[in-house]
Amino acid sequence: MARVPLLQLTDISLTFGGDPVFDGLSLVAQPGDRVALVGRNGSGKSTLMKVMAGLVEPDRGEVIAGPGVSVGYMEQDPDLSGFATLGDFAAHLLEPSEMYRVERAGEGLKFDPARPVETASGGERRRAALARLMAGEPDLMLLDEPTNHLDIEAIAWLENELKQSRQGYIIISHDRAFLRALTRATLWIDRGVVRRQEKGFGDFETWRDAVWEEEDTQRHKLNRRIKAEARWAVEGISARRKRNMGRVRALQDLRAERAAQITRQGTAAMALDPATKSGKKVIEATGITKSFGDRTILRPFSLTVQRGDRIALVGPNGVGKTTLLNMLIGREAPDEGEVKLGTGLSVALFDQGRDALDPDMTLWDSLTGDPDMRVSGKADQIMVRGAPKHVVGYLKEFLFDEAQARAPVRALSGGEKARLLLAKLMARPGNMLVLDEPTNDLDVETLDLLQDILGSYDGTVLLVSHDRDFLDRVAATTIAMEGDGRATVYAGGWSDYISQRRTIRSRPQAAPEKTATPAAEKPQAAATKGLSFTQKHRLEALPAEIERLEAEIAKLEELLGDPDLFEQNPVKFGKATDALVERHAKLDAATEEWLMLEEKAAG
């Protein structure tokens with residue numbers, strides 16, 4: 001028996017500002033669908049969702065929901081006017097007996113249902129909108145960037161809920177790991193055409209590249225035909241008094257076909273210039289702590305950051321990642337301990353709150369009004385990495401068209417705002433990048449480019465992110481902040497951190513023995529008799545530090561084991577070799593320090 005569709009779009013056409021967003025679009029959402037909706041920023045993903053939800057009326061075509069089917073939409077900027085608290089908004093239209101769903105979602109998504117709407121942050125409002133959708137249990141859920149403003153724990157909760165759900169859903173998200181885990185089909189919007197593949201997001205990039213390769217092949221064949229026909233038209237004049245007008249018209253048709261083809265949107269012309277190099281030691285933090293009232297944000301923590309390090313901070317929202325980041329770069333003072341910044345340091349900051357963007361300013365004024373980018377006497381030029389460049393030309397490099405230059409920042413989509421902020425960041429030279437949630441709203445292609453740029457960047461990167469795939473691709477070291485002021489350093493990205501933590505927690509706790517620990521065994525925390533408070537703390541911390549150094553050494557040795565590395569990437573080979581020597585020296589010093597403190601404690 002054929003299934004009744006949840007939602008059917010037939011021959012949908014929609015035009016904004018003279019340009020068609022969709023023309024003749026038809027698609028069907030079936031019960032149990034698990035669909036990723038992907039496409040470049042500005043391709044119409046959110047608009048298509050709003051058409052599905054009935055919030056945008058198409059110029060032509062029909063949107064028909066199945067009999068008795070409910071469709072729920074989670075929008076990026078929910079309107080909470082008329083509601084006193086976030087819980088009131090989330091529980092709208094629910095029966096009293098169904099209120100537990102809001103409380104459960106509030107716990108999983110980490111927002112307080114009792115929070116007054118007027119004091120709620122943008123992230124809390126979005127989480128309330130997501131809770132409202134989840135609690136309502138519609139037959140088809142339309143989720144527009146649901147992981148924005150969620151920490152990794154909340155993302156894991158949402159991921160698990162959606163895996164167990166019987167409802168159908170369509171998801172727009174920049175989070176590759178989230179989409180790979182949840183989707184079984186993919187809708188791809190590309191230049192007004194919507195294609196569907198019955199495979200999840202994990203197969204999207206292979207499919208996309210195959211489509212584009214076939215498109216390039218057909219375009220090449222068309223260009224060859226036009227060239228051949230044009231040569232016949234020119235050379236045939238001398239041999240014939242009358243040209244074959246049918247072939248001339250065919251040539252005109254071929255040229256019209258080529259003109260009608262819409263060129264694929266390129267990638268943003270991002271580039272980073274570290275300008276002058278910083279000193280080899282970028283940051284040295286020793287025993288730093290932080291508390292707010294009775295709440296401990298950071299217990300004594302030490303870290304040395306070397307030039308070229310890629311360090312990620314992970315942990316739940318509110319645990320203190322941004323606070324630690326600000327202490328490391330000197331924007332906030334620790335309560336105790338010391339932070340020393342290296343010589344010649346130039347910091348470029350990407351702020352998750354987009355505070356560097358004034359929503360009422362135009363894109364033009366946002367760039368020309370920046371004192372660091374202003375060119376004296378040139379109202380239409382800005383300074384980009386030490387050289388003047390026309391404002392519109394630079395905006396085009398980040399995929400903005402000329403008409404957008406005079407538009408207000410508030411008119412931009414989330415992804416466009418992120419691109420504008422990256423344009424401001426990348427215009428000024430800097431040898432240390434500080435990126436606080438840089439991936440929000442960026443499309444797959446822009447994320448790929450950003451990852452490639454960071455991979456070849458000669459400076460140092462400190463980054464906060466909840467995007468697990470991005471962490472795996474970029475970070476070489478991860479600082480996990482797990483609450484109670486604990487911050488632990490692990491080698492590698494997100495997957496490495498999870499693996500190492502699982503290994504540590506699975507180890508059986510050895511019963512205490514009176515015999516001395518053999519020197520060949522890996523150091524463990526020992527008795528601390530006769531040690532000062534600082535020495536006791538150091539002795540307890542050294543085993544984890546030694547384990548981290550051993551893991552980093554193993555990873556570097558694996559990298560240097562590639563026989564083609566030196567020829568293909570000599571700069572990377574040199575950096576890895578230097579890092580390996582440095583990690584071995586640190587391991588020797590840490591082991592020697594542990595033995596000395598162990599002897600002192602035992603004596």
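Before moving on, here are some points about what is shown:
- Residues within the range 406-437 that are farther than 22 Å from Thr47 by Cα and of a type in the set (A, V, I, L, M, F, W, C), tallied: 10
- Residue in the range 326-344 that is under 29 Å from Thr276 (Cα atoms) and under 19 Å from the mean Cα position of the chain (by Cα) present: no
- If you check Gly320, Gly287 for being modelled with pLDDT of 95 or more and of a type in the set (Gly, Ala, Ser), only one passes: Gly287.
- Note on the range 331-353: residues that are under 14 Å from Thr289 (Cα atoms) and not in a strand (DSSP E or B) total 4.
- Exactly one residue out of Asp175, Asp151 is in contact (Cβ under 8 Å) with a residue 12 or more places away in the chain and more than 28 Å from Leu6 (Cβ to Cβ): that is Asp151.
- Taken together, the criteria exclude Pro138 from residues that are out of contact with any Asp or Glu (no Cβ under 9 Å at 6 or more places or on another chain), over 24 Å from Lys45 (Cα atoms) and touching a residue at least 24 places away in the same chain (Cβ under 8 Å).
- In the range 75-98, the residues that are aliphatic (A, V, I, L, M) and under 19 Å from Asp144 (Cβ atoms): Leu80, Leu86, Ala90
- Residue in the range 294-330 that is surrounded by the fewest Cβ atoms within 10 Å (Cβ to Cβ), counting only those that are of a type in the set (Gly, Ala, Ser) and either in a strand (DSSP E or B) or touching a His at 6+ places or on another chain (Cβ under 9 Å) (or both): Ser302
- Selection from the range 169-193 of residues that are hydroxyl-bearing (Ser, Thr, Tyr) and in contact with a Phe, Trp or Tyr (Cβ under 8 Å, 6 or more places away or on another chain): Thr183, Thr186
- Note on the range 333-350: among residues that are touching a helix residue (DSSP H, G or I) at 6+ places or on another chain (Cβ under 8 Å) and modelled with pLDDT of 95 or more, the one that is surrounded by the most Cβ atoms within 10 Å (Cβ to Cβ) is Pro334.
- Some residue of the range 164-174 being more than 20 Å from Val51 (Cβ to Cβ), within 22 Å of the chain's Cα centre (by Cα), assigned by TED's automatic domain parsing to the domain that holds Val51 and at pLDDT below 95: yes
- Total residues in the range 113-134 satisfying the condition of being under 27 Å from the mean Cα position of the chain (by Cα) and either within 14 Å of Gly82 (Cβ to Cβ) or surrounded by 15 or more Cβ atoms within 10 Å (Cβ to Cβ) (or both): the figure is 13.
- In the range 179-197, the residues that are crowded, with 17+ Cβ neighbours inside 10 Å and touching a Lys or Arg at 6+ places or on another chain (Cβ under 8 Å): Ala181, Leu182, Thr183, Ala185, Thr186, Leu187, Trp188, Ile189, Asp190
- Within the range 194-220, tally of residues that are free of Cβ contacts under 8 Å to residues at least 60 places away in the same chain and of a type in the set (A, V, I, L, M): 2
- Check on Val71, within 30 Å of Phe111 (Cβ to Cβ), at pLDDT 95 or above and of a type in the set (Val, Ile, Thr): yes
- Qualifying residue in the range 452-463 (condition: crowded, with 23+ Cβ neighbours inside 10 Å and within 15 Å of the chain's Cα centre (by Cα)): yes
- Residue check for Pro96: at pLDDT below 90, out of contact with any Cys (no Cβ under 8 Å at 6 or more places or on another chain) and farther than 21 Å from Tyr169 by Cβ: yes
The values are calculated or read from the model by the stated rules, or taken from the named source; none is laboratory data. Quick caveat: nothing in here was measured; it's all calculated off a predicted structure. Note that each Cβ is placed from the backbone with ideal geometry, even for glycine, and that neighbours are counted across all protein chains shown.
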